[in-house]
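Reviewing the structure listed below.
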There are 2 protein chains.
Amino acid sequence: MKLMSTQPEPPPPGDETTLRLEQFLPYRLNVVGHFASRALGRIYSERFGIGIPEWRVIAQLGEFGKLTSRDIGELSQMHKTKVSRAVSELEKRGLTSRSENREDRREAFISLTPRGSRTYAEIVPLALAFQARWTEGLPADELRVFERVLSILTERGRHLAGGYHESEG
Amino acid sequence: MKLMSTQPEPPPPGDETTLRLEQFLPYRLNVVGHFASRALGRIYSERFGIGIPEWRVIAQLGEFGKLTSRDIGELSQMHKTKVSRAVSELEKRGLTSRSENREDRREAFISLTPRGSRTYAEIVPLALAFQARWTEGLPADELRVFERVLSILTERGRHLAGGYHESEG
DNA sequence: TGACATTAGTTTCATCTGTAACTAGCTGAG
DNA sequence: CTCAGCTAGTTACAGATGAAACTAATGTCA
């Protein structure tokens, strides 16, 4: 990249009037998250014909077995409309099924069909391998610190963002 | 949240057949990135009437002074169509202006108008304060490790995702 | 010089997303 | 019992997004 830039001096570090976007945390977190989604999304769509919201639903059902849409949304940080559409799509493809809750007929339990379970069993190793490859060679203690800080930032972010569900990955 | 779950046992840690989404790195990075975008996006839109792509353009112009759309895209990891639209929007609002490059009439230099510079000067302290508040109280050395690992993951992610620009924050 | 490939940037189009409005069903105060 | 308010989930709508097609200009190679 040949930069056309000229005018401003390289801003002195730590001042209050300039910001280096490439060091700005919200930006960086978004970029890395987007890379993750793109890379994984490609795997999911190429090999299984599903998207990331559908993957999240499958992942939660594989982990917890039987959930309402509401629970899925809360667990996977997705908006209810996104969950609704993902579940419809999965049902259309025969990967999940719905069973009414007789005690509360507003909600329904979603669970994986045998075919859905097979898909889950196929995806999980790929996802884990992807993660392993991504973090390969990083010192375990640094990774632990990273994850700890990430948890804190996520929790604070949840509040700074004003609650509710939503995202992608 | 009252979980409806039952069937599967809590999976033994470190096995290869189950995945805990809430510990899955791509998912986590995406969630935190989304929180960041939402929180910042609210500030930008409420106080300045712009979105995140527009913010990124302003940030780069504030930092580098005069750039082509191509450079902006590369620097801020945005798709060229997103840059194109963001620049149009900013121009419409009088925050940036365009000057043709006589040596290569395909491209144009974008720069902040005086009004754009004022907006930049207003946003930067808010953005920095946001970041400061977000990372407040975290030990400096842990934050350094975090940023170091983040850089590595970002760089690897860029390749895993297969190059190109794109994202949000 | 002249054609073919390449690049900057825009536009078109199909898709995805969230907000808001809506339906259906539950709950609790009176 | 009942009605107002709440919750689960869907749908309609409007805005954002990226891939692909397109325009205009430059580069290249014979």
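Lysine pairs in chain B with alpha-carbon atoms under 21 Å apart, 8 or more places apart or on different chains: how many are there?
Working: B:LYS66/B:LYS80; B:LYS66/B:LYS82; B:LYS66/B:LYS92; B:LYS80/B:LYS92; B:LYS82/B:LYS92.
Lysine pairs meeting the criterion: 5.
Calculate the mean, over all residues of peptide B:142-155, of how many other protein chain Cβ atoms lie within 10 angstrom of the residue's Cβ. List each step's numbers first, then the result.
Values: counts 6, 4, 1, 9, 10, 5, 4, 10, 8, 4, 7, 9, 9, 2.
Per residue, the number of nearby Cβ atoms from other chains is 6 on average.
At a 10 angstrom cut-off on C-beta neighbours, averaged per residue, how do the peptides B:149-162, A:121-134, A:17-30 rank from highest to lowest? Don't skip to the answer; put the middle values down first.
Working: B:149-162: 17.6, A:121-134: 15.6, A:17-30: 20.9.
Those peptides, ordered most packed to least, come out A:17-30, B:149-162, A:121-134.
For chain A, find the longest principal axis of its Cα atoms and tell me its angle to the long axis of helix A:25-48, 0 to 90°, nearest 10.
40 degrees
Quick one: dipole size for region A:50-131, taken about the Cα centre, charges +1 on Lys/Arg Cβ and -1 on Asp/Glu Cβ, in debye to the nearest 20. Write down the numbers at each step before the final one.
Values: 14 positive and 11 negative charges, 49 e Å.
Computed charge dipole of region A:50-131: roughly 240 debye.
What order, most packed first, do the peptides A:93-99, A:75-81 have when packing is the mean number of other Cβ atoms within 10 Å of each residue? Write down the numbers at each step before the final one.
Values: A:93-99: 16.1, A:75-81: 19.3.
The packing order, highest mean first, is A:75-81, A:93-99.
May I ask you to derive the FRET efficiency for B:ILE43 and A:SER88 from their Cβ-Cβ distance with R0 = 35 Å, giving the value to the nearest 0.05? Show your work: numbers first, answer last.
Working: r = 35 Å, r/R0 = 0.99.
In this case the efficiency is close to 0.50.
Roughly how tilted is helix A:80-92, in degrees to the nearest 10 and between 0 and 90, from the longest Cα axis of chain A?
Helix A:80-92 sits at roughly 50 degrees to that axis.
When the Kirkwood radius is taken over all Cα pairs of the protein assembly as shown, what Stokes-Einstein diffusion coefficient follows at 4 °C and 1.567 mPa s, in µm²/s? Display every interim value, and only then the final one.
Numbers: Rh = 21.5 Å.
Stokes-Einstein gives a translational diffusion coefficient of 60 µm²/s.
Once you order the gyration tensor axes a ≥ b ≥ c over the Cα atoms, which shape class does region B:74-142 get: rounded for a/c under 1.5, otherwise prolate or oblate by comparing a/b with b/c?
Prolate is the answer for region B:74-142, as a/c is 1.5 or above and a/b outweighs b/c.
Could you work out how far the C-alpha centroid of region A:37-113 sits from that of region B:108-168, in angstrom?
32 Å
A:GLY51's amide H: which non-local residues (gap 5+, or another chain) put their own amide H closer than 5 Å, with H modeled 1.01 Å from N in plane and none for Pro or chain starts?
none
With a Förster radius of 25 Å, plug the Cβ-Cβ distance of A:GLU22 and B:ARG133 into 1/(1 + (r/R0)^6) and report the FRET value to the nearest 0.05.
On the way: r = 21 Å, r/R0 = 0.82.
The computed FRET efficiency comes out at 0.75.
Dipole of the protein assembly as shown, Cα-centred, from +1 at each Lys and Arg C-beta and -1 at each Asp and Glu C-beta, to the nearest 20 debye?
Details: 50 positive and 46 negative charges, 219 e Å.
It works out to roughly 1060 debye.
So, how do all the Cα-to-Cα distances of region B:45-164 break down into 5 Å bins, in percent, from 0 on up?
2, 10, 17, 18, 17, 14, 12, 6, 2, 1, 0
Let me know the mean shielding of A:73-79 by other chains, meaning the per-residue number of their Cβ atoms within 10 Å of its Cβ.
3
Could you derive backbone 3J(HN,Hα) for region B:60-66 from the dihedral phi with the Karplus parameters 6.51, -1.76 and 1.60 (θ = phi - 60°), listing whole Hz in sequence and x where the residue is Gly or Pro?
5, 5, x, 7, 10, x, 8
Averaged over B:59-72, how many beta carbons belonging to a partner chain fall within 10 Å of each residue's beta carbon?
Details: counts 7, 4, 3, 6, 9, 8, 7, 6, 3, 5, 0, 3, 5, 0.
Going residue by residue through B:59-72 and averaging, the value is 5.
Nearest 500 deg cm²/dmol is fine: what mean residue ellipticity at 222 nm does the protein assembly as shown get from its DSSP H runs of n ≥ 4 alone, each adding -39,500 (n - 2.57), divided by its residue count?
Values: 12 runs with 202 residues, N = 338.
It comes out at -20000 deg cm²/dmol, rounded to the nearest 500.
Tell me the distances, shortest first, between B:GLU147 and the same position across the other copies, using label points 7 Å along Cα→Cβ, in nm to one decimal.
Label-point separations across copies, in nm and ascending: 2.4.
For the rotation bringing A onto B, which A residue has its Cβ nearest the axis, and at how many Å?
Nearest to the symmetry axis by Cβ: A:GLY33, 2.
Which three extents, in whole angstrom, do the alpha-carbon atoms of region A:21-101 cover along their principal axes, largest first?
Result for region A:21-101: principal-axis Cα extents of 49, 27, 21 Å.
For a quick check: with amide H placed at 1.01 Å from N, whose amide H comes under 5 Å from B:THR96's, ignoring anything fewer than 5 positions away on the same chain?
Amide H neighbours of B:THR96: B:GLU91, B:THR113.
Every read-out reported here was derived from the displayed coordinates using simple, explicitly stated rules and does not represent laboratory data. All of these numbers come straight from a predicted model, not from anything done at the bench. When we count neighbours, we look across all protein chains shown, and the Cβ atoms used for this are built from the backbone with ideal geometry, even at glycine.
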